[in-house]
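Below: one structure, written as structure tokens.
The values are calculated or read from the model by the stated rules, or taken from the named source; none is laboratory data. Everything numeric in this text was worked out from a predicted model, so none of it was measured. Cβ placement follows ideal geometry from the backbone for every residue including glycine, while neighbour counts extend to all protein chains displayed. To get the accessible areas, we keep the full protein, side chains included, count just its heavy atoms, and leave off ligands, DNA and RNA. Shrake-Rupley method; radii C 1.70, N 1.55, O 1.52, S 1.80 Å.
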Amino acid sequence: MVPIASSIGKAMFLTGVGLVATGLVGRYYFIRRRQQRTSLPTLGDRDVVIITGCDSGLGFNMAIMCLEANAAVIGTFVSTSSDGYAKLCNSAHKKMIPVILDLCDESSINAAIKTIRAILSDATIRLYALVNNSAVMCFGEAEWLPATLITEQLRVNLAGPLLFTGGLIDLLRRDRARLVIVTSHCSQQALPGLSVYSATKAALHGWATAIRFELEPHGVPVVEIMPGSFLLHSNICARQATFFDAMWAGMAEEQRCCYGRYFQRYRDYLDPICQPRPAQRFPEDNTLSAVINGALFDPVPKRMYKCEPWRYWLYYTAFAWTPYSVRSWLIRRFLAMPTYHED
């Protein structure tokens, strides 16, 4: 009887695993199918969208999508010399309104808020959406990071967006405009080498969750986007080489002796990935474009939009359900980064 019971138990277990796997895979493809969108809506002629970080990547693409949907775009840029500024702020885009914004500088934030409020004081204009997109990512172990690289990520990724949104939140309420916040999968599972970035995105996710409750009675949707991996389509880590220089310069001699070869392997691995890239359109069939489209234009937006290639979906599902010992191994497999070992 024991061998028969054991065989039955194994069969039932394998059947259960198969059903769960089938259900999860089916859910993944169902979500992917729902995310497919091929056309842009037409917004009102007086609709305005505010988007931070239009110099490249997500912000650049969102600005183009909104302009093509007939909205006016108040786009913030770090510099007038950026590629995104040159491609958006010209005669081809007459409804593009550039504003220079440094999220590390509170006076710059206040000046941008003042400029935007003056534009939106026109009673015929309706604020359609405010998109908090700007971010900076810095790879490196926590011990390597000087205070400047910690505070820059805290200001650009967290404090700056909160201050910027706080100065315009009454206009969101007035026009029942949607608030779109770009977070990260790092807010769901912090990753080694991205400790500060993960912390800022987790805090931003928490803020988005809380403010959603506060703004819900006023008819203001709060929409979160988790864009997945888009390093090769943006400049979020384009300054990584200078960040590495600052890390090495700030290390004590003992730290250089401890980490020297590992630090160089780490840098060599990331150098070809973290390169400055021109501002360019995502491919039309890009899943991220469909996710952004939904977050911006769905008549009744969801709380969360995720761009999850199968690899992201599989790993992050496993991260949520596995014990720490397994999850730790999976995280290192997912990152595929150099690891430290004593020379």
Next item on the list: Using a Förster distance of 35 angstrom, determine the FRET efficiency expected from the C-beta separation of Gln255 and Thr317, and round it to 0.05.
Entry: 0.40
Next item on the list: Kindly report the accessible area of the chain per residue (heavy atoms of protein chains, probe 1.4 Å, no ligands, DNA or RNA), in Å².
Entry: 50
Next item on the list: For each cysteine in the chain, check whether another cysteine's C-beta sits under 4.7 Å from its C-beta; list those where none does.
Entry: Cys54, Cys66, Cys89, Cys104, Cys138, Cys186, Cys257, Cys258, Cys307
Notebook entry, point to check: Label Ser229 and Glu141 with points 7 Å out from Cα along Cα→Cβ: what is the distance between them in nm?
Noted result: 2.3
Notebook entry, point to check: Taking +1 at the Cβ of each Lys and Arg and -1 at the Cβ of each Asp and Glu, which of Ile181, Leu204, Trp321 sits farthest along the dipole of the chain towards its positive end, judged by Cα position relative to the Cα centre?
Noted result: Trp321
Checklist line | Span-like helix ranges in the chain, DSSP H, alpha carbon extent 27 angstrom or more, Kyte mean at least 0.0 | finding: 2-34, 195-215
Check: Counting trypsin sites (Lys or Arg not before Pro) as exposed when in a DSSP loop with at most 15 other beta carbons within 10 Å, what is the longest stretch of the chain free of them?
Finding: 177-280
Margin query: Treating only the Cβ of Lys, Arg, Asp and Glu as charged (+1, +1, -1, -1), what charge dipole size does the range 183-279 show about its Cα centre? Round to the nearest 20 debye.
Written below: 240
Checklist line | Check: the chain dipole with +1 on Lys, Arg Cβ and -1 on Asp, Glu Cβ, in debye | finding: 1200
Check: Around Ser56, with a cut-off of 9 angstrom between Cβ atoms, what is the net charge of the other residues, counting Lys and Arg +1 and Asp and Glu -1?
Finding: -1
Checklist line | Listed candidates (i) 140; (ii) 162; (iii) 216 - label of the one calculated as volume of the Cα convex hull per residue in Å³ | finding: (ii)
Notebook entry, point to check: With the contact rule set at Cα under 8 Å and sequence spacing of 6 or more, what percent relative contact order holds for the chain?
Noted result: 17
Margin query: Quick check: pseudo-label points 7 Å beyond the Cα along Cα→Cβ at Ala241 and Asn286, how many nm apart are they?
Written below: 2.3
